[in-house]
Structure formats: structure tokens, C-alpha cells
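The block underneath contains the structure these notes are about, expressed in C-alpha cells.
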Amino acid sequence: MLGPYGRVRLVAPYGGAMSPRTSVRRVVSLVPSLTEAVAATAPELLSGATDWCTHPPGLTAERIGGTKNPDTARIAALAPDLVIANEEENRPADLAALRAAGIEVLVTEVRTLEQAFTELERVLVRGCGLARPGWLDAAEAAWADVRAGGPVRHAVVPVWRRPWMVLGRDTFAGDVLARLGVRHLYSGHPERYPRIPIQELTAREADLVVLPDEPYRFTAEDGPEAFPGLPAALVSGRHLTWYGPSLAEAPAVLTAALSAAR
């Protein structure tokens, strides 16, 4: 729920502002990034996660469906103290169904790097009642020293194919790239993930195409050929779009991939 100045507030099942938690024992995560964050901090809390939660490897939490189609009855049967979700990745109807079942749901909003750090602390410390983890300090420190070198590069950043979809306005991935000296050409588009015909994408005056391996798995054989003559940076989607422990190594990983495309 949005609080003053557009910030997201922690919301209890029936609408009241939720106090900091001190006795959370079972958490269900509907967001891969947040699943990894909880698992890296207090793995014993994680009782349920989506089918798309691939990190850390060997995760033993019960699978409860996808981010867009979670099995709300199965989640309720797990009797979680808290469900953690995201306003972009999860559907309001599913979250409403969980609240109607008496389950507390914490909904995050992450559209910038600063929001990622703030929301991660809110989930782990206020939501789960944990001490602030060392990996979060390491992630903030890693990004504090980032300084984009050289001229700004102008990029097209597809996130899907058939149809082609690209980064638009107000996206976490767009903010991450901007800090690394890459400005994507649809940052001013009214939609956050607009569908753009390939003819328009190739006609734009880009000097780079950035191709992540998720949500669509772009590879050296699937993606670059659609942008002939344009340097292609094949990047880790987890480091570009996830907000969790991967943030600590993301600056180095992404900078290397972008540099290789020069």
C-alpha cells in the first residue's frame, strides 16, 4: 500500500500499518530476488518460494507456483507468518486473496538502486525481524564506488522477443545501467516495458544493444543477429534485474560484459 510521498507501507491483512516483526518463523517469497535475500540471511525462515526462484542452488523450500500464478491455497496451507511480494512481479488479486485468508503480505516497490537497498532492509529487518546482514553492507559499498568511465553509451535493451519488448521508464535495470554509463533509448517512454517493432529498434541511433539472459534468454545465437552492425553486450539477467545478494558483485560482472561489447 502506498504511504506518504508514494512510499510503500508494510500492510497487515486488514489494512492497519504493521509493526516491526520479532517472531517470524515461516516466510513465503513470491519474488526470486527476495527469496535469495532471505535464504542468504536466515534460510531456516524460508518455507515456500516460486518455481522461478533459482538461487541459491539447492533451495529446499516448497514450490508454490509462478510469480504470476501462485497457488494461494498451498501458500495458506504452509501457514506463513509473512508473505513477501513485489508490486511489479505479483498480481494484486493474488495478494488480496492471501490477505483475505488472514496472511500478512509485505509488498515492495523497487525501481531504483536506492529503493532496492531500502526495501531489502525493510523486508529483512522490519519484516522478518532479522539483524541487517553483512552482504547488504557489501552491496551498498560495491555500488558506492561505481563511477561510469568514458562517454555515455546509448543502448536498446530488449527484455523479450516475439514480440520485442524493451526497457522503458522507471525500471530498476535502467537505473543500474545508467550508473554504469549506459543510457537506454526508451527511458522516456510512457510505458515501463513497451512493445517496439524490430524495425523501429534497429532504426534508432543506438551504439549498443544490451541483451540479458532473463526474462527472455538471449544468447550469442539468439538476439545479436537482429541488430546487424551493432555491438551486443550479453549480460547476466540476475545481475541486471535482481535486487539481493547478487548486487554485491553486479558492478564488476556487468562492467565486464559491457566492456566486452566495445
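The values are calculated or read from the model by the stated rules, or taken from the named source; none is laboratory data. All values reported here derive from a predicted model rather than from experimental measurement. Cβ: placed from backbone, ideal geometry, glycine included. Neighbour counts: every protein chain shown. All accessible areas refer to the heavy atoms of the entire protein, side chains included, with ligands and DNA or RNA removed. Shrake-Rupley method; radii C 1.70, N 1.55, O 1.52, S 1.80 Å.
So here's what we get for this one:
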{"quantity": "Sole residue being among the acidic types (Asp, Glu), over 19 Å from the mean Cα position of the chain (by Cα), at pLDDT 95 or above and farther than 20 Å from Cys128 by Cα, chosen from Asp71, Asp81, Asp51", "calculated": "Asp71"}
{"quantity": "Gly127 being farther than 20 Å from His239 by Cβ, surrounded by 14 or more Cβ atoms within 10 Å (Cβ to Cβ), out of contact with any Phe, Trp or Tyr (no Cβ under 7 Å at 6 or more places or on another chain) and touching a residue at least 24 places away in the same chain (Cβ under 8 Å)", "calculated": "yes"}
{"quantity": "Close pairs (8 angstrom Cβ cut-off, 6 or more residues apart or separate chains): within 24 Å of Asp170 (Cβ to Cβ) in segment 87-103, at pLDDT 95 or above and among the polar types (S, T, N, Q) anywhere", "calculated": "Glu87/Thr108; Glu89/Thr67; Asn90/Thr67; Asp94/Asn69; Asp94/Thr72"}
{"quantity": "Inter-residue pairs, beta-carbon under 9 Å, first over 17 Å from Leu247 (Cα atoms) and in segment 169-188, second aromatic (Phe, Trp, Tyr) and modelled with pLDDT of 95 or more, 6+ apart", "calculated": "Arg169/Tyr186"}
{"quantity": "Test: residue in segment 119-140 that is closer than 22 Å to Pro212 by Cα and either touching a Cys at 6+ places or on another chain (Cβ under 6 Å) or part of a loop (DSSP other than H, G, I, E, B) (or both)", "calculated": "no"}
{"quantity": "Residues within segment 83-124 that are under 19 Å from Trp242 (Cα atoms) and among the hydrophobic types (A, V, I, L, M, F, W, C), tallied", "calculated": "12"}
{"quantity": "Residue check, Trp135 over 30 Å from Ala42 (Cα atoms) and open to solvent by less than 60 Å² (accessible area, probe 1.4 Å)", "calculated": "no"}
{"quantity": "Count of residues meeting criterion [closer than 13 Å to His154 by Cα and of a type in the set (S, T, N, Q)] in segment 203-238", "calculated": "0"}
